[in-house]
Amino acid sequence: MVTKLGLTVEEAARQTGIGRNTLRSLINAGKLPVLRIGRKNIIRTDVLMKFMEMNEGADLLNIDEVKSAE
């Protein structure tokens with residue numbers, strides 16, 4: 001079985017439990033970098049893990065409190 005290197009917003013939401021709209025807000029605010037392919041956003045799995053570790057305990061709905069994964 002091949003491990004995916006990138007996830008769509010929907011896949012990332014399912015795997016992390018973070019809502020799709022919250023992920024989209026984080027992407028639009030520049031807190032979570034993505035690869036854009038047309039209208040699709042791909043989140044690298046290593047970046048997603050780093051983002052979650054950096055923001056452990058943070059309120060992801062408070063954009064000012066969220067650290068960028070860049």
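Selection of the stretch 6-20 for residues being open to solvent by 30 Å² or more (accessible area, probe 1.4 Å) and either β-branched (V, I, T) or part of a helix (DSSP H, G or I) (or both) yields E10, E11, R14, Q15, T16, R20. Checked against (1) hydroxyl-bearing (S, T, Y); (2) modelled with pLDDT of 95 or more; (3) open to solvent by 90 Å² or more (accessible area, probe 1.4 Å), T3 passes all but condition (2). Filtered by the rule that a residue be free of Cβ contacts under 8 Å to residues at least 24 places away in the same chain, at negative phi and of a type in the set (G, A, S), the stretch 1-19 gives A13, G19. Is there a residue being open to solvent by 80 Å² or more (accessible area, probe 1.4 Å), within 17 Å of E70 (Cβ to Cβ) and not in a helix (DSSP H, G or I) anywhere in the stretch 44-53? Yes, the stretch 44-53 has at least one match.
Quick check, is N41 at pLDDT 95 or above and loosely packed, with under 15 Cβ neighbours inside 10 Å?
Answer is no for this residue.
Hey, could you check the stretch 21-36 for residues that are free of Cβ contacts under 8 Å to residues at least 24 places away in the same chain and within 20 Å of E65 (Cβ to Cβ) and say which is surrounded by the most Cβ atoms within 10 Å (Cβ to Cβ)? Among them, the one singled out is L23.
The values are calculated or read from the model by the stated rules, or taken from the named source; none is laboratory data. The structure presented is a predicted model; accordingly, all values stated were derived computationally and were not measured. Methodologically, a virtual Cβ is constructed for each residue, glycine included, from the backbone with ideal geometry; neighbour enumeration extends over all protein chains shown. The accessibility values were calculated without ligands, DNA or RNA, using every heavy atom of the protein model including side chains. Shrake-Rupley method; radii C 1.70, N 1.55, O 1.52, S 1.80 Å.
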